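S.K.: Structure below; questions to follow.
The values are calculated or read from the model by the stated rules, or taken from the named source; none is laboratory data. This is a predicted model, so every value here is computed, not measured. When we count neighbours, we look across all protein chains shown, and the Cβ atoms used for this are built from the backbone with ideal geometry, even at glycine.
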């Protein structure tokens, strides 16, 4: 078996064994980084909905409330929660893996009513008034889902104009949604939560793509490194050893007229070549003296 083939085999074996723990550690790191990336994306989307709510509350609602037709027809576009939901629904077309809901325990619009697991998050915000956000997981029929939520608190007194009692609410709103839902809210109360859900398969896909890219790069680096190492090994070891082997073969056949090996540097190969050249000269002198003695004796 050629020395270069043995070297390549050992290199590939060591590389392959090293790839197993490296791959596992790298994938775990990529999976964690992908999860953080998804949560950060959800946080950015959440900030978009908060900005939409603020814009609707401070600019759209005051503008539309001055129109007399509001006394007859209630416009849901004046509701911050409605605007935020509609904006995210448009955003959902570009990011279909992300879903959003303004989950509320006692909503005016029944589409926002919280289901059991959403109510648990809202109650957690109620029990911890200082909690600003919630990051967690839940099991769904389609697999694990990541959750990012922020509380909806009644910090603006103007909200109570529509949600304190039916008698204080706009007549058009009561006519549209009725008087049984969305009332009795209290100042600084966590009445709901903005919740963004993301399937856990999304960070897994991101991690898989990153792992494939990493493996591709590692294989390319390994191949390039092996080629460079083979070239270095051939120039510094295999070629000098090959010359030495050829010279030794000629000497073993009795041919003493071979050229000496070139000596470059002071490494082990150079020392070996120097020693072999010295042995060659000594053997040549010894053979010359032996031939001379034989000639004199005859």
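S.K.: What are the pairs, 6+ residues apart or on separate chains, where a residue within segment 1-16 that is surrounded by 10 or more Cβ atoms within 10 Å (Cβ to Cβ) has its Cβ under 6 Å from a residue that is assigned to a helix (DSSP H, G or I)?
M.R.: 11/226; 15/222
S.K.: If I filter segment 248-259 for residues that are at pLDDT 75 or above and part of a helix (DSSP H, G or I), do I get at least one hit?
M.R.: Yes, that holds for at least one residue.
S.K.: What is the one condition in (1) under 30 Å from residue 32 (Cβ atoms); (2) surrounded by 15 or more Cβ atoms within 10 Å (Cβ to Cβ); (3) without any contact (Cβ under 8 Å) to a residue 12 or more places away in the chain that residue 100 does not satisfy?
M.R.: Unmet for residue 100, out of (1) under 30 Å from residue 32 (Cβ atoms); (2) surrounded by 15 or more Cβ atoms within 10 Å (Cβ to Cβ); (3) without any contact (Cβ under 8 Å) to a residue 12 or more places away in the chain: (3).
S.K.: Taking residue 244 as the residue in question, decide whether it is in contact (Cβ under 8 Å) with a residue 40 or more places away in the chain, within 29 Å of residue 12 (Cα to Cα) and in a helix (DSSP H, G or I).
M.R.: In short, no.
S.K.: Out of 284, 224, I need the residue that is modelled with pLDDT of 75 or more and out of contact with any strand residue (DSSP E or B) (no Cβ under 8 Å at 6 or more places or on another chain). Which one?
M.R.: 224
S.K.: Further question: Filter segment 206-222 for residues that are surrounded by 12 or more Cβ atoms within 10 Å (Cβ to Cβ) and more than 16 Å from the chain's Cα centre (by Cα) and give the result.
M.R.: If the condition is that a residue be surrounded by 12 or more Cβ atoms within 10 Å (Cβ to Cβ) and more than 16 Å from the chain's Cα centre (by Cα), then 218, 219, 222 are the ones that fit.
S.K.: Across segment 54-73, which residue is modelled with the lowest pLDDT among those that are over 21 Å from residue 85 (Cα atoms) and out of contact with any helix residue (DSSP H, G or I) (no Cβ under 7 Å at 6 or more places or on another chain)?
M.R.: So the residue we want is 68.
S.K.: Which residue pairs have Cβ atoms closer than 6 Å, lie 6 or more positions apart in sequence or on different chains, and pair a first residue in segment 46-67 that is over 20 Å from residue 134 (Cα atoms) with a second residue that is modelled with pLDDT of 85 or more and in a helix (DSSP H, G or I)?
M.R.: Here the result reads 52/83; 52/84; 52/87; 56/80; 56/83; 57/80, each pair linking segment 46-67 to a residue that is modelled with pLDDT of 85 or more and in a helix (DSSP H, G or I).
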